[in-house]
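The values are calculated or read from the model by the stated rules, or taken from the named source; none is laboratory data. Computed from a prediction, not measured in an experiment: that's the story for all the values here. For neighbour counting, all protein chains shown are included, and Cβ atoms are generated from backbone atoms with ideal geometry for every residue, glycine included.
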Amino acid sequence: MSSALSAVKASLPSRFGSLFRENLGTFDVPLPVEYNTSMHSRRTRKSMKIARFEWDGATRYGVLDGDALFSVTGDLFGELAVGERVCGLSEARLLAPVSPSKVVAVGLNYAAHAKEAHVDQPVPEEPVIFIKPATAVVGPFATVKYPASSRRVDHEGELGIVIRKLASGVSEAAAREYVLGYTCGNDVTARDLQRRDGQWTRAKSFDTFCPLGPYIVTDVDASDLRLECRVNGQVRQRSTTGNMVHGIEKLVSFISGVMTLLPGDVILTGTPEGIGSVRIGDVMEVEIEGIGALQNPVGE
Ligand code: MG
């Protein structure tokens, strides 16, 4: 650094540090202490279960501790702190744990599922991605509506990644910093329409076709968690997220290289083998180790 720049740096009040860094990224100006501290505490703090729920006529975020929900103070996607007890878990109606601008889903990301879905085709080298609209998202226990236009609707149990901060062109090395936590997802699919259309949009996008929940679990290593999908209590899918072809960092990096991910956006990471159909009256359940179980009935 030149002596002139050193003089400029030395003359800066410390509160200008982060502003200066953003505008002139190559300058070696220390960040304000509180910024460094918050980044450190995010990395090292204990895992939390974040819920979104209705109680007493209001929709709110909360943190689950035992069988009670506590208020969230501060910024859910920034520096989150736990406030006072709001209500018991049994008194609240759980909603999808986030309200995403979009859900980006990944197809054929487990080799054994790619085999059952596309016999004789190799697993794609790059992630195959598609969008499920925000209007398809529902929460735990919400009824998934069987469309009149379909004769075959399938469950697809999947790990969901919840994005913490605006992500654009993120590297794999930095990807974890952009993840708030993980949840369970069900990429419900009208399989007959998917095959008929070629394009997947109609088959994947019906209202209620994207159950998410029950919680966002923060600060966990989700790279090798047991995942199970059951229908009426019977196991249909059983695998581990360790079997994903493209892992969490790769997916966040790849997708953020295509489109900007916003806080609360969700990536559904693909389904393992064992997909199968459901009927009206069935109950689907996606359970992921350390995260919870997402249950949804199928109805008209
Ligand atoms: Mg899927």
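Structure above, values below:
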item	result
Verdict on I216 being β-branched (V, I, T) and within 16 Å of the ligand (Cβ to nearest atom)	no
Out of N232, N243, sole residue that is assigned by TED's automatic domain parsing to the domain that holds Q194, surrounded by fewer than 17 Cβ atoms within 10 Å (Cβ to Cβ), within 16 Å of the ligand (Cβ to nearest atom) and at pLDDT 95 or above	N243
Region 145-169: number of residues that are hydrophobic (A, V, I, L, M, F, W, C) and farther than 23 Å from T241 by Cβ	3
Within region 155-191, tally of residues that are within 16 Å of the ligand (Cβ to nearest atom) and not hydroxyl-bearing (S, T, Y)	14
Residue match in region 91-109 (condition: more than 22 Å from C184 (Cβ to Cβ) and either within 16 Å of the ligand (Cβ to nearest atom) or surrounded by 15 or more Cβ atoms within 10 Å (Cβ to Cβ) (or both))	no
Number of the exception - V170 against (1) part of a loop (DSSP other than H, G, I, E, B); (2) surrounded by fewer than 18 Cβ atoms within 10 Å (Cβ to Cβ)	(2)
Failed criterion for A81 (all others in (1) modelled with pLDDT of 95 or more; (2) assigned to a strand (DSSP E or B); (3) small (G, A, S) hold)	(1)
Failed condition for R196, given (1) free of Cβ contacts under 8 Å to residues at least 24 places away in the same chain; (2) closer than 21 Å to N109 by Cα	(2)
Single residue of region 110-154 satisfying the filter (within 14 Å of the ligand (Cβ to nearest atom) and aromatic (F, W, Y)) that is nearest to P272 (Cα to Cα)	Y110
